[in-house]
């Protein structure tokens, strides 16, 4: 459940700080786009390599 | 990236939800098996992660998940090998309910069902916020910003 973990972690950060998330859930790319849109925390990176998805969220 | 289309679709849906002002999720959980409880808990906690207000109204067999005994039995719907696979990926129903509560998901128990099953508030797990009837549920769910699903 990468979104749940990411949402808990990002709340511990301050404006401008970044959170890197690695996930193996194939639905994660669209989930992170939705999460970013809804919460306003910009999604700075969204990439896949060898079945691992990597995201970088920036605290708004 | 093959996921671009899905990502686009999800963000369109979210944009649409924003325009419509859907800010609350009201789930009715009427089944007591873990196969119904997991998707309900995933949706509710994800709604919280997205900044939405989330509620679960437990009714009929769903009320079994608000008792310690019923929670243990809820996993019986899965064959043993699948129980193992789920345990590797997800918290137990008990732990997940606790996490949902910590995340701010509101837990409502159904008053008529309690009567039917001979339950009192003392029989229920302590995550329960309140015991309500259908009218109160409908009053919540009739809000224009509410998205409601029956599970």
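Points to keep in mind about this one:
- The listed residue being within 13 Å of chain B (Cβ to nearest Cβ) and either in a strand (DSSP E or B) or surrounded by fewer than 20 Cβ atoms within 10 Å (Cβ to Cβ) (or both), out of A:22, A:4: A:4
- Screening the candidates B:83, B:99 for the property of being within 14 Å of another protein chain (Cβ to nearest Cβ) and in a helix (DSSP H, G or I) yields one hit, B:99.
- The residue of the range A:25-49 that is surrounded by the most Cβ atoms within 10 Å (Cβ to Cβ), among those that are assigned to a loop (DSSP other than H, G, I, E, B) and within 11 Å of chain B (Cβ to nearest Cβ), is A:41.
- Among the residues listed as A:42, A:29, the single one being under 10 Å from the mean Cα position of the chain (by Cα) and either farther than 13 Å from residue A:2 by Cβ or modelled with pLDDT of 95 or more (or both): A:42
The values are calculated or read from the model by the stated rules, or taken from the named source; none is laboratory data. Keep in mind that what you see is a predicted model, and the values were worked out from it rather than measured. Don't worry about glycine lacking a Cβ; one is built from the backbone with ideal geometry, like all the others, and counts go over all protein chains shown.
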